[in-house]
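> Sharing a structure here in structure tokens format.
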Amino acid sequence: MTTSVSTHVLDTGAGRPAAGVGVVLSVRTGPHEPWAAHAAATTDADGRCAGLPPLPPGATHARLEFAVGGPFFPEVTAAFAVEPGRHYHVPLLLSPYGYSVYRGS
């Protein structure tokens, strides 16, 4: 059973996808274990990261780090618990002075 993560970034201030955002996917195998980088990608013209690899067996948490480069939020991090065999789509909605992440479908 593979566990997978996908994401996209929308610039709600500009009303369009956020292209060129660097994203690092990290994992850990327990709540007190260290994070290990698993993959890196950059959002495409549609604000999506294509091809993030499945999480390794034993992963219990995943973390997405977005290098948004904004004047107030230079980076955004979202960490979440994962279960084997599930897919997690975690979009980032970004504006100059706020952001939101959620579990999508």
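> Keeping to segment 31-45, report how many residues are within 19 Å of LEU93 (Cα to Cα), surrounded by 14 or more Cβ atoms within 10 Å (Cβ to Cβ) and not hydroxyl-bearing (Ser, Thr, Tyr). Please lay out each step first, then the result.
If we filter segment 31-45 for residues that are within 19 Å of LEU93 (Cα to Cα), which is where we start, we get 41-45.
Next, only the ones that are surrounded by 14 or more Cβ atoms within 10 Å (Cβ to Cβ) stay: 41, 43-44.
Subsequent filtering for residues that are not hydroxyl-bearing (Ser, Thr, Tyr) retains 41, 44.
So the count comes out to 2.
> Which of the residues belonging to segment 41-67 are touching an Asp or Glu at 6+ places or on another chain (Cβ under 9 Å) and either modelled with pLDDT of 95 or more or among the aromatic types (Phe, Trp, Tyr) (or both)?
Looking only at segment 41-67, we keep the residues that are touching an Asp or Glu at 6+ places or on another chain (Cβ under 9 Å), and these are 47, 50, 60-61, 65-67.
Matches in segment 41-67: GLY47, THR60, HIS61, GLU65, PHE66, ALA67.
> To continue, here is another question. Which of (1) in contact with a Pro (Cβ under 8 Å, 6 or more places away or on another chain); (2) free of Cβ contacts under 8 Å to residues at least 40 places away in the same chain; (3) not aromatic (Phe, Trp, Tyr) is the odd one out, the single condition THR77 does not satisfy?
Only one criterion is unmet by THR77, namely (1).
> Collect the residues in segment 1-39 that are modelled with pLDDT of 95 or more, among the hydrophobic types (A, V, I, L, M, F, W, C) and closer than 22 Å to ALA81 by Cβ, keeping them in residue-number order.
Listed by number, the residues that qualify are VAL5, VAL9, VAL23, VAL24, LEU25, VAL27, TRP35, ALA36, ALA37, ALA39.
> Mind checking which residues of segment 7-45 are within 15 Å of the chain's Cα centre (by Cα) and assigned to a loop (DSSP other than H, G, I, E, B)?
THR7, ALA18, ALA19, GLY20, VAL21, TRP35, THR43, ASP44
> Checking the conditions here, which among ARG86, ARG28, ARG63, ARG16 is out of contact with any helix residue (DSSP H, G or I) (no Cβ under 9 Å at 6 or more places or on another chain), basic (Lys, Arg), exposed (fewer than 13 other Cβ atoms within 10 Å of the Cβ) and free of Cβ contacts under 8 Å to residues at least 40 places away in the same chain? Walk me through how you get there before you give the answer.
Numbers: ARG86 fails: free of Cβ contacts under 8 Å to residues at least 40 places away in the same chain; ARG28 fails: exposed (fewer than 13 other Cβ atoms within 10 Å of the Cβ); ARG63 fails: exposed (fewer than 13 other Cβ atoms within 10 Å of the Cβ).
Result: ARG16 is the single residue among ARG86, ARG28, ARG63, ARG16 that is out of contact with any helix residue (DSSP H, G or I) (no Cβ under 9 Å at 6 or more places or on another chain), basic (Lys, Arg), exposed (fewer than 13 other Cβ atoms within 10 Å of the Cβ) and free of Cβ contacts under 8 Å to residues at least 40 places away in the same chain.
> Here's another thing I want to ask about it. Given the structure, is PHE66 of a type in the set (Phe, Trp, Tyr) and part of a loop (DSSP other than H, G, I, E, B)? Walk me through it before giving the result.
Working: of a type in the set (Phe, Trp, Tyr): yes; part of a loop (DSSP other than H, G, I, E, B): no.
No.
> Another question, then. Can you pull out every residue in segment 77-101 that is outside any strand (DSSP E or B) and within 15 Å of the chain's Cα centre (by Cα)?
Kept after step one, since they are outside any strand (DSSP E or B), are these residues of segment 77-101: 82-86, 90-91, 96-97.
Within segment 77-101, VAL82, VAL90, PRO91 meet the criteria.
> Might you check whether a residue that is within 15 Å of HIS89 (Cβ to Cβ) and modelled with pLDDT of 95 or more occurs anywhere in segment 71-78? Show your work before the answer.
Restricting attention to segment 71-78, the residues satisfying the condition of being within 15 Å of HIS89 (Cβ to Cβ) are 78.
If we keep only those that are modelled with pLDDT of 95 or more too, we end up with 78.
Yes, segment 71-78 contains at least one residue that is within 15 Å of HIS89 (Cβ to Cβ) and modelled with pLDDT of 95 or more.
> Given the structure, is PHE73 in a strand (DSSP E or B) and either surrounded by 14 or more Cβ atoms within 10 Å (Cβ to Cβ) or among the β-branched types (Val, Ile, Thr) (or both)? Steps first, answer last, please.
Details: in a strand (DSSP E or B): no; either surrounded by 14 or more Cβ atoms within 10 Å (Cβ to Cβ) or among the β-branched types (Val, Ile, Thr) (or both): yes.
No: the conditions fail for PHE73.
The values are calculated or read from the model by the stated rules, or taken from the named source; none is laboratory data. Note that the structure is a prediction, hence the values are computed from the model and not measured. When we count neighbours, we look across all protein chains shown, and the Cβ atoms used for this are built from the backbone with ideal geometry, even at glycine.
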